[in-house]
Amino acid sequence: MRISTRSNAFPGSAIRGVNEEVVRLESSGVRVYGFHIGQPGLPPSRELLLEFTKELLERPFEYSMYTPSSGIEELREAIAEDYTGYSGVKISSANVSVTAGSAEAILAAFMAIIDEGDEVILFDPTYLMYEPVINYLGGKVIRVRAREELGWEPSEEDVKAVMSRRVKAIIAVNPDNPTGRVLSDSMIKLLIDLARDYDAFLIYDEAYRHLYYEGSHTYAIKYGLENVIALNTFSKDPAMPGWRLGYVIAHEDFIKVFNRVKQYTNLNPPTPAQYAGLLYLRKYKERYLSETLPIYKSRMETMHKAIREYLSEAVVVKPKAGLFIFPNLGSYLRRLNINDYEFAMKLVREAHVAVVPGSAFGEVGKFHVRMAFARESERDIEEGISILANYLLRALGSSE
Ligand SMILES: Cc1ncc(COP(=O)(O)O)c(C=O)c1O
C-alpha cells in the first residue's frame, strides 16, 4: 500500500489510545471512570428532540436534501442574531458559514489562509487538532508557552517576541482546552492588535463560550471583525457533538473564500443537524443552559476539591470555564520515573480511571493530565479521584 508521506502529519490522537483501552475494558464488563473524553455529560434537550423528530417526519424530503455549502439561510440568520445578541456587535448572515463541527472549520480555514512556509502561533499547551493540520498544509507552528503560574495565560512579551510578517495566524482557544483558562481582555486586545499590525488572522476558537463558571466571555470581534475568524460549535453547550454542527463568524470577504474552499471538505453541513441547531437557537438555548450550567459547575467544584484533598502535591489551577481540569502531577510522576503517557495508560489498565496525558497538548503539558469533569456524577468524580490518588500513593509506596 503506497500511502502519502504527508499523511504522517496526522499522528492519531492520544485520546483515542486511552479510549480504545476504555472500550476494551467496558466490553468485558469493567466499570471505568471516564474522565478522558471532552463530551458534555448530559443528553441534549428532550423537548428539542421531540419537536425535531416530529418536524423530521413531517418534512422528510427537505430535511434530507443537500443544502448550500454555507448552510441554510434560516440557520445563518439565527446564528447572526444569536451572536449579535451575545457579542453586542452587529453581524449579518453574510458573516456566517455553517460547518460540520468546528473540526471542519479548522481544516477549511487553514486551507483558505496557509501557504507553504507561513508561520502560525499556537499556545503550549492547547487543543491538539491545530498543529497536524498546519503541518499537513506546509505551515510552520511556533509554540508560545502558556504560563501555569499566570493561570495558563502566556506572557505578553513572549507573544510579541515571535510576531513577524511571516506569521499568518495566531490561534487562541478561549476558553481553553485542556487548561480551562480564560484569556484576559488585555491579552485578547493585544492579539487583535498584533494580527492587525502584521496583516494576520486571529483564529478565535470559542467552542466553550457558553460554559463559564466565573466571569463572562470576551468576544474578540468587539475589537474589530476584519482580522478575526471565530470558530464555534454545537458540540458543547447544546451537548450535540455527534450531530457534527459548527460555524464560522468572520468578515464577509473571508466567508466568500471559506465557502468556496469548504465545498471540497464537505458538500454541505449535515442537513438534519442544521434544523436541530435552528431549533436550539430559536427556542431552547437559554432554558437548556440555565438547567445544565449549574450541574457542570458543581461537578467542576467537586473535581477541583477532590484533587486538592486527595492529591495534596498536585498543582491545580481552578478552571474558569470549559469542561476540563489540568492538574500537574509532576511531583508524583518524577519520583515514579514515568511520563504522563505511561501513567495514563497504566492508570486506565490497572485502576480503571481514564485521563488524557498532558503532553498530547504540547511539551509544556508534560507531567499533567487532562480530566473532563462534566461526564460523571459528583459521587463518581470523587470516587474516581480517590482511586487515582490511591493508585499513585501505592505505586510510590512500593517504589520508595
Ligand atoms: C477547543 C476545541 N475546538 C474544536 C473542537 C472540535 O469540536 P467539534 O468539531 O465537535 O466542533 C473541540 C473538541 O473537543 C475543542 O475542544
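The values are calculated or read from the model by the stated rules, or taken from the named source; none is laboratory data. All values reported here derive from a predicted model rather than from experimental measurement. Every residue, glycine as well, gets a Cβ built from its backbone with ideal geometry; the counts of neighbours run over all protein chains shown. The area values use the complete protein model at the heavy-atom level, side chains included, leaving out ligands, DNA and RNA. Shrake-Rupley method; radii C 1.70, N 1.55, O 1.52, S 1.80 Å.
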| task | Give the residue from SER164, TYR280, TYR219 lying farthest towards the positive end of the charge dipole for the range 62-285; charges sit on Cβ (+1 for Lys and Arg, -1 for Asp and Glu) and the dipole is referred to the Cα centre. | result | TYR280
| Tilt of helix 285-310 relative to the longest C-alpha principal axis of the chain, in degrees (0 to 90, nearest 10)? | 20 degrees
| query | If amide H atoms are built 1.01 Å from N in the plane of the peptide, which residues on other chains or at least 5 residues away come under 5 Å of the amide H of HIS368? | reply | LEU329, GLY358, SER359
| query | If you plug each phi of the range 62-71 into the Karplus form 6.51 cos²θ - 1.76 cosθ + 1.60 with θ = phi - 60°, what whole-Hz ³J(HN,Hα) values come out, in order, with x for Gly and Pro? | reply | 4, 7, 10, 7, 4, 10, x, 4, 7, x
| message | Rounding to the nearest 10 and keeping the result within 0 to 90°, find how far the Cα-based axis of helix 378-399 lies from the longest principal axis of the chain. | response | 50 degrees
| request: With the full set of protein chains in place, find how many percent of the accessible area of the range 9-114 is carbon and sulfur; take the probe as 1.4 Å. | output: 58 percent
| request: Quick one: grab the alpha carbon gyration tensor of the range 187-282, order the square roots of its eigenvalues as a ≥ b ≥ c, and give me rounded if a/c is under 1.5, else prolate or oblate depending on whether a/b is larger than b/c. | output: oblate
| task | Specify the angular offset, from 0 to 90 degrees and rounded to the nearest 10, of the alpha carbon long axis of helix 101-113 from the longest principal axis of the alpha carbons in the chain. | result | 70 degrees
| said: Positive end of the dipole of the range 181-325, charges at C-beta (+1 Lys, Arg; -1 Asp, Glu), about the Cα centre: which of LEU202, PRO294, PRO319 has its Cα farthest in that direction? | reply: PRO294
| said: Need one number: nm distance between label points at LYS346 and SER399, each 7 Å from Cα along Cα→Cβ, rounded to one decimal. | reply: 0.5 nm
| At 222 nm, what helix-only mean residue ellipticity would the chain give, in deg cm²/dmol to the nearest 500, using -39500 (n - 2.57) for each DSSP H run of four or more? | -13000 deg cm²/dmol
| Excluding same-chain residues fewer than 8 positions from LYS285, which lysines have a Cα within less than 30 Å of its Cα? | LYS54, LYS90, LYS189, LYS222, LYS236, LYS256, LYS262, LYS297, LYS305, LYS318, LYS320
| message | Using the Karplus curve 6.51 cos²θ - 1.76 cosθ + 1.60 with θ = phi - 60°, what ³J(HN,Hα) values do you get for each residue of the range 117-126, in whole Hz, with x for Gly and Pro? | response | x, 5, 9, 10, 8, 9, 6, 10, x, 7
| task | Please identify every one of the GluC sites (Glu not before Pro) in the range 43-127 that sits in a loop by DSSP and has no more than 16 other beta carbons within 10 Å of its own beta carbon. | result | GLU116
| said: Tell me the net charge near GLU350. Cut-off is 15 Å between Cβ atoms, GLU350 excluded, with +1 for each Lys or Arg and -1 for each Asp or Glu. | reply: +3
| query | With every protein chain left in place, what is the accessible area per residue of the chain in square angstrom, probe 1.4 Å? | reply | 43 Å²
| remark: Carbon plus sulfur, as percent of the 1.4 Å-probe accessible area of the range 233-354, comes to 49 percent
| query | Antiparallel as a % of all DSSP beta bridges within the chain, to the nearest 5? | reply | 45 percent
| query | For the range 62-285, what Kirkwood radius comes out of the mean inverse Cα-Cα distance, in Å? | reply | 17.5 Å
| Distance from the Cα centre of the range 183-262 to that of the range 1-58, in angstrom? | 24 Å
| said: Could you derive backbone 3J(HN,Hα) for the range 129-135 from the dihedral phi with the Karplus parameters 6.51, -1.76 and 1.60 (θ = phi - 60°), listing whole Hz in sequence and x where the residue is Gly or Pro? | reply: 7, 6, 4, x, 5, 5, 4
| request: Just flag the chymotrypsin sites (Phe, Trp or Tyr not before Pro) in the range 1-81 sitting in loop per DSSP whose Cβ has no more than 13 other Cβ atoms within 10 Å. | output: PHE61, TYR66
| Stokes-Einstein D for the chain at 37 °C, 0.692 mPa s, Kirkwood Rh over Cα pairs, in µm²/s? | 150 µm²/s
| DSSP bridge orientation in the range 62-285 - percent antiparallel, rounded to nearest 5 | 35 percent
| field | Restricting the range 117-205 to trypsin sites (Lys or Arg not before Pro) in coil, as DSSP defines it, with at most 16 other Cβ within 10 Å | value | ARG165, ARG166
